[in-house]
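Participant: Would you mind keeping the following structure in view while I ask a few things?
The values are calculated or read from the model by the stated rules, or taken from the named source; none is laboratory data. Just so we're clear, the structure is a prediction, and the values are computed from it rather than from any experiment. Glycine also receives a Cβ, built like all others from the backbone with ideal geometry; neighbour counts cover every protein chain displayed. Please note that ligands, DNA and RNA were not included when accessible areas were found on the heavy atoms of the full protein model with its side chains. Shrake-Rupley method; radii C 1.70, N 1.55, O 1.52, S 1.80 Å.
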Amino acid sequence: MFKLKQLVVATSSIVLMGLSAAQAAEYDWKFQASETSGEPSFKIKQEWAKKIETMTDGKVHIEVLPINSIVGPTETLQAVSSGILQGHMTDPSYFSGQNPAYGMLGNLVGAWSDPYDFLEYMKYGGGEELYNELTEPYGAHLISAATFPLESIPSSVEIDSIEDFKGLKIRAPQGMVYNIFERIGAAPVNLPGSEVYTALEKGVIDAADSTVLSNNDAQGIHQFAPYPLYPGFHSMPMIAVSLNKEIWDGLPEDLQVTLKTAFDRMAYDLIARLKEQDIQTLQKLKEDPNIHPIDLSPEERKKFRQAAEKEWKEWAGKNEMTQKVYDSATSFLKSRNLL
């Protein structure tokens, strides 16, 4: 009888200890990300969600979910607005169909050569305020803008010049980057990032506008695309860390400040850690006789930038907000001698 009581007490203790942090939290949120669960950047986002739980003494519990967990990548804005998700950590370019200004703020392709310049613009050059002017009418509030180092382009064929893009079947999401690849003669294919691996494996595409070098390698992409273009030169998508606007407005100021501070810190952490992982990955790839990283020359990079600038101007005329984004971003770039 005594042993039975001990067992009941022990079992009860285990059950109590097993209560999830979500059950104890005052705020229990689901955020969907734009990466698969195996990518290094996804794991970093999960780490920061856990840190926020600690920083708020368990008041805020954020479950970070991989791409396609609840809705498709183009649907997370609507899901956040409606409360299906409470937040997302994703590339706003996915929402270009709702407003092309998302495409420009989300990824002004070819504009940035250093991720820290982009963060300076977003955090101190008016970018975040402009983004909230755009996104709050859609029911979401930007807590913080983050980004990756410049993305690599994994390719199954050797690309040494912009001329080599002619006729190349390259995966690109619909929007600005898709249009710029068309400008340089490529044949872009609109596929979600989650399908890049299979599409390269089956030869549906020759190359991909994909993620950073270390993320691509972690997914095993280089076994089918042994000519990665690195360092990147074309794409550096923003990561919009956003929360449902009604939830944000209802938070006490101390939690708003904590969330903003934590996610701002995550933005710099992501860049530093992914850059280090990219460098380590590059060294590993250079030692593999079957993989041949390619660094485009400054002259070829300039050709891409010139094509990109023409596309920026086209997008600027789409509506009042796209013109605001164009004026704001190009003014910042010029002020830093980056344009």
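Participant: Do we have any residue at all in region 88-102 that's among the charged types (D, E, K, R), more than 16 Å from the chain's Cα centre (by Cα) and closer than 20 Å to L259 by Cα?
Facilitator: Checked region 88-102: no residue is among the charged types (D, E, K, R), more than 16 Å from the chain's Cα centre (by Cα) and closer than 20 Å to L259 by Cα.
Participant: Somewhere in region 37-52, is a residue at pLDDT below 95, open to solvent by 20 Å² or more (accessible area, probe 1.4 Å) and not in a helix (DSSP H, G or I)?
Facilitator: Yes, region 37-52 contains a residue that is at pLDDT below 95, open to solvent by 20 Å² or more (accessible area, probe 1.4 Å) and not in a helix (DSSP H, G or I).
Participant: Something else now. In region 179-193, what count of residues is obtained for those that are without any contact (Cβ under 8 Å) to a residue 60 or more places away in the chain, assigned to a loop (DSSP other than H, G, I, E, B) and aliphatic (A, V, I, L, M)?
Facilitator: 2
Participant: Of everything in region 231-274, what is modelled with pLDDT under 95, in contact with an Asp or Glu (Cβ under 9 Å, 6 or more places away or on another chain) and either part of a helix (DSSP H, G or I) or open to solvent by 50 Å² or more (accessible area, probe 1.4 Å) (or both)? Give them in sequence order.
Facilitator: Listed by number, the list holds a single entry, P231.
Participant: Turning to a different aspect of this structure: Select, from L285, L259, the only residue that is among the aliphatic types (A, V, I, L, M) and under 15 Å from G232 (Cβ atoms).
Facilitator: Only one candidate qualifies: L285.
Participant: Can you tell which of L65, L105 is open to solvent by less than 30 Å² (accessible area, probe 1.4 Å) and over 30 Å from S335 (Cα atoms)?
Facilitator: L65
Participant: Of all residues in region 146-162, which are in contact with a strand residue (DSSP E or B) (Cβ under 9 Å, 6 or more places away or on another chain) and open to solvent by 20 Å² or more (accessible area, probe 1.4 Å)?
Facilitator: Listed by number, the residues that qualify are S156, V157, E158, D160.
Participant: Here's another thing I want to ask about it. So, of the residues in region 194-218 that are in a loop (DSSP other than H, G, I, E, B) and open to solvent by less than 50 Å² (accessible area, probe 1.4 Å), which turns out to be nearest to T281 (Cα to Cα)?
Facilitator: Applying the filter and picking the extreme gives V212.
Participant: Regarding region 13-26, can at least one residue be identified that is assigned to a helix (DSSP H, G or I), modelled with pLDDT under 95, of a type in the set (S, T, Y) and surrounded by 18 or more Cβ atoms within 10 Å (Cβ to Cβ)?
Facilitator: So far as region 13-26 goes, no, none of its residues is assigned to a helix (DSSP H, G or I), modelled with pLDDT under 95, of a type in the set (S, T, Y) and surrounded by 18 or more Cβ atoms within 10 Å (Cβ to Cβ).
Participant: For region 70-90, enumerate the residues that are farther than 18 Å from F148 by Cα and surrounded by 16 or more Cβ atoms within 10 Å (Cβ to Cβ).
Facilitator: Selection gives V71, T74, E75, T76, L77, Q78, A79, V80, S81, L85, Q86, G87.
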